[in-house]
């Protein structure tokens, strides 16, 4: 659907972004478009590419605290395009919604942020608030060459960040009804339990690693890792994959591979969880190899300046008393929280993210922009 002058600027910019086929890690021109808009507002825009990934770091102002708006231009694959009611990269109005891949996750947020910044700077050109935008095309993929890379560079430069709003789609029924003030950490393990391969009719001449691993796995599955806290549910441990055997029915395998994952809260550390797993495996006398990978540490922003400003802005714009939540998976907030003391996530409704016919209610787009703008005013004290 063509963009018309009568549309709200946030809607128009969202549609421009949706029309770009930025399937991860591609950006397909989204960041140059946003950089052009930000440059006209006096932002210094720096492109930080890494292999196939594009990153944008844009800054304006050196007075007052720094508020970062963060997000991603990449989207997940569409799935079968014929299953969509309209082309996923042709933004389409239907039944009061705007349809297209990335409508909810998260091109609406990016558009709302840029328009909110413009309106705020026009209304308050001398406001004591520095504003930055951190945008990547590597959030839906491995997330190694995107926000994590930019954060590393910012640390090397000694840049100080005070507040950050990540535009992930956090809302449930209406924009603003839920925000994320933290996320659980994610740590995976790959365990290879070793036995001795042999003929299944002569078990005394072999050692079955599946049999040996089973009691230890049962103990791990039954373990209480922590009790959570006021913000997080208890840490969970789950097996995701088990592979063992040769495919033959008469061979005891020589090893079994188990993949598992922790989703852990701030009551536990990676080191404490690893030590407890190792203790169980050793208690059961297993011969094993175990490798760990941490994709994100937990973070939590307790009630304070940023949370209170966001709550007040949502209340003023929508009348909603927003719910604080740490549920769901990981986000790029996990990287930013390592260098920024206060991080929250706020975006549109998430019911259709990653689905066929992804969409966002048209009536929620302008309020989201207004919430972002109101937060800036509250943080600047104007």
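Every number in this text was worked out from the coordinates using simple rules, so none of it is lab data. Please read all numbers here as calculations on a predicted model, not as lab measurements. As a convention, Cβ positions derive from the backbone with ideal geometry for all residues, glycine included, and neighbour counts pool all protein chains shown.
Looking at the chain, send over the antiparallel percent of its DSSP beta bridges, to the nearest 5. Could the numbers behind the result be given before it?
On the way: 49 of 69 bridges.
Here the antiparallel bridges make up roughly 70 percent for the chain.
Please tell me the relative contact order of the stretch 31-179 in percent, rounded to the nearest whole number, where contacts are Cα pairs under 8 Å and at least six residues apart.
Details: 220 pairs, mean separation 52.0, N = 149.
Contact order relative to length: 35 percent.
What angle, in degrees between 0 and 90 and rounded to the nearest 10, separates the Cα long axis of helix 108-123 from the longest principal axis of the Cα atoms of the chain?
It works out to around 40 degrees.
Can you give me the distance in nm between label points at residue 248 and residue 308, each placed 7 Å from the Cα along the Cα-to-Cβ direction?
My value for the distance between the label points is 7.1 nm.
Can you tell me the convex hull volume per residue for the stretch 35-130, based on C-alpha atoms, in Å³ to the nearest whole number? Mind showing how you got there, number by number?
On the way: hull volume 11.9 nm³, N = 96.
Here the figure is 124 Å³ per residue.
Given the DSSP H assignment, sum -39500 (n - 2.57) over each helix run of at least 4 residues in the chain and divide by its residue total; what's the result at 222 nm in deg cm²/dmol, nearest 500? Numbers along the way, then the final one.
On the way: 9 runs with 109 residues, N = 382.
It lands at -9000 deg cm²/dmol.
Given Cα pairs under 8 Å that are at least 6 residues apart, what percent is the relative contact order of the stretch 297-382?
Working: 51 pairs, mean separation 33.5, N = 86.
The value is 39 percent.
For a test of the definition: using alpha carbon positions, the gyration tensor, and the 1.5 limit on a/c, classify the stretch 102-166 as rounded, prolate or oblate.
Details: a/c = 3.52, a/b = 1.23, b/c = 2.85.
Oblate shape, in that a/c is at least 1.5 and b/c is the bigger or equal ratio.
Could you work out how far the C-alpha centroid of the stretch 327-382 sits from that of the stretch 165-229, in angstrom?
Here the two parts' Cα centres lie 30 Å apart.
If you take every DSSP beta bridge fully contained in the stretch 1-158, what fraction is antiparallel? Give it as a percent rounded to 5.
Given both bridge residues lie in the stretch 1-158, the antiparallel proportion sits at roughly 65 percent.
For a quick check, take a GNM of the chain with Cα springs below 10 Å and name the residue from 112, 206, 132 with the largest mean-square fluctuation.
Result for the chain, Cα springs under 10 Å: 206 fluctuates most.
By how many nm would the segment from residue 219 to residue 363 grow when fully extended, if each residue of separation counts as 0.36 nm and the alpha-carbon distance is taken off? Working shown, then result.
Working: separation 144, 0.36 × 144 = 51.84 nm, distance 5.04 nm.
Residue separation times 0.36 nm, minus the Cα-Cα distance, leaves 46.8 nm.
Hey, quick one: spin label on residue 48, modelled 7 Å out along Cα-Cβ, who in the stretch 137-151 has an amide N within reach, i.e. under 14 Å?
Residues passing the 14 Å test: 137-139, 144-151.
In what sequence do 231, 264 fall when counting other Cβ within 10 Å, fewest first?
Working: 231 18, 264 27.
Placing the least packed residue first, the sequence is 231, 264.
Can you give me the angle between helix 305-318 and the longest principal axis of the chain, using Cα atoms only, in degrees from 0 to 90, rounded to the nearest 10?
Computed tilt is about 60 degrees.
Averaging sequence separations of C-alpha pairs under 8 Å and six or more residues apart, then dividing by the length of the chain, give the relative contact order as a whole percent. Numbers along the way, then the final one.
Numbers: 832 pairs, mean separation 96.3, N = 382.
Worked out over the chain, it gives 25 percent.
Could you give the length gained by full extension between residue 229 and residue 62, i.e. 0.36 nm per residue of separation minus their alpha carbon distance, to one decimal place?
Numbers: separation 167, 0.36 × 167 = 60.12 nm, distance 3.78 nm.
Length gained between residue 229 and residue 62: 56.3 nm.
Within the P(r) computed for the stretch 140-200, what percentage of the Cα pairs occupies the region above 13 Å?
On the way: 1477 of 1830 pairs.
Roughly 81 percent, rounded to a whole number.
I need the shape label for the stretch 180-226. Rule: rounded when a/c is under 1.5, else prolate if a/b > b/c, else oblate, with a, b, c from the alpha carbon gyration tensor.
Values: a/c = 5.98, a/b = 2.93, b/c = 2.04.
Because a/c hits 1.5 or more and a/b exceeds b/c, the stretch 180-226 counts as prolate.
Over all alpha-carbon pairs in the chain, figure out the percentage whose distance exceeds 34 Å.
Details: 26184 of 72771 pairs.
I get 36 percent for the Cα pairs in the chain exceeding 34 Å.
Where is the GNM fluctuation largest for the chain (alpha-carbon springs, 10 angstrom cutoff): 247, 42, 167?
Largest GNM mean-square fluctuation: 247.
Can you tell which of 29, 333, 100 shows the greatest fluctuation in a Gaussian network model of the chain with Cα springs below 10 Å?
29
Arrange 39, 104 by Cβ neighbour counts within 10 Å, fewest through most, would you? The partial results should precede the final answer.
Values: 39 13, 104 28.
Lowest to highest Cβ neighbour count: 39, 104.
Over all directions, what mean area does the Cα convex hull of the stretch 159-280 project, stated in square nanometres?
Hull-based average projected area comes out at 12.1 nm².
Based on other C-beta atoms within 10 Å, arrange 372, 288, 202, 163 from fewest to most.
In increasing order of surrounding Cβ atoms, one gets 202, 288, 163, 372.
Semi-axes, largest first, in whole Å: what does sqrt of 5 times each Cα gyration tensor eigenvalue give for the stretch 247-382?
Numbers: eigenvalues 386, 90, 22 Å².
After diagonalising the Cα gyration tensor, the semi-axes are 44, 21, 10 Å.
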